[in-house]
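As structure tokens, the structure follows; a few thoughts come after it.
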Amino acid sequence: MTVCTKWLSKHSEWGHLVLRVVLGLVFMIHGWSKFNNMAGTVNFFGTLGLPAFVAYLVMALELGGGALILLGLFTRQVSILGTINMFFAIILAKLPSGGNYEFDLSLLGMSLALVFLGSGKLSLEKALFKKEL
């Protein structure tokens with residue numbers, strides 16, 4: 001093993017942090033855009049055959065859940081919801097419209113990775129509860 005490989009393997013918690021911060025920010029940005037145009041968001045969800053309250057749930061999940069993931073609080077629990085959210089985004093919105101689901105698939109994969117990995121050492125979960133939730 002090279003010195004670089006040894007150092008990287010000793011500091012793998014930084015990988016958790018990068019994954020959490022990027023996924024959290026992306027979810028927050030998407031949630032914020034839904035929040036800023038709730039009428040359009042509700043209308044779009046209606047075209048998918050979904051009731052209006054689902055648009056509000058998805059917006060809250062992306063905005064609030066993204067913040068929780070970024071901070072490393074309830075990471076596994078929120079990431080399960082994020083995985084489900086992205087699965088249905090692909091199935092209900094992307095595939096029927098002809099594709100362009102690569103980005104959504106990436107977010108699904110990142111969410112699922114955090115379900116298995118948890119928040120990591122560099123998280124508020126670890127600092128506040130001395131363990132991962």
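Each reported figure results from applying straightforward, stated rules to the coordinates on display, with no laboratory input. Worth saying up front: this structure is predicted, and the values here are computed from it rather than measured. Glycine gets a Cβ as well: all are built from the backbone with ideal geometry, and neighbour counts include every protein chain shown.
For this structure, a couple of remarks:
- Relative to one another, the C-alpha centroids of region 1-21 and region 91-133 are positioned 19 Å apart.
- Principal-axis tilt of helix 38-47 within the chain, Cα atoms, nearest 10 degrees: 70
- Taking Cβ atoms as reference points and 14 Å as the exclusive limit, the residues near residue 94 contribute a net charge of -2, counting Lys and Arg as +1 and Asp and Glu as -1.
- Note: relative contact order over the chain, using C-alpha pairs below 8 Å and six or more positions apart, is 29 percent.
- Acute angle (nearest 10 degrees) that the helix 13-36 long axis makes with the longest principal axis of the chain, alpha-carbon atoms: 20
- Listed by chain and number, the lysines whose C-alpha is less than 25 Å from the C-alpha of residue 34, apart from same-chain residues fewer than 8 away, are 94.
- Size of charge dipole - the chain - debye, nearest 20, with Cβ of Lys, Arg +1 and Asp, Glu -1, no other charges: 460
- Overall Cα dimensions of region 36-114, principal axis frame, Å, largest first: 34, 24, 17
- Cα long-axis angle, helix 75-88 against the chain (0 to 90 degrees, to the nearest 10): 40
- Calculated [222 nm] ellipticity per residue, helices only, for the chain: -21500 deg cm²/dmol; basis is -39500 (n - 2.57) per DSSP H run with n ≥ 4, divided by all residues, nearest 500.
- Cα→Cβ-extended label distance, 7 Å offset, between residue 76 and residue 116, nm: 1.4
- Residues residue 6 and residue 103, FRET efficiency given R0 of 30 Å [Cβ-Cβ distance, rounded to 0.05]: 0.30
- Lysines whose Cα lies under 28 Å from that of residue 126, excluding same-chain neighbours fewer than 8 positions away: 6, 10
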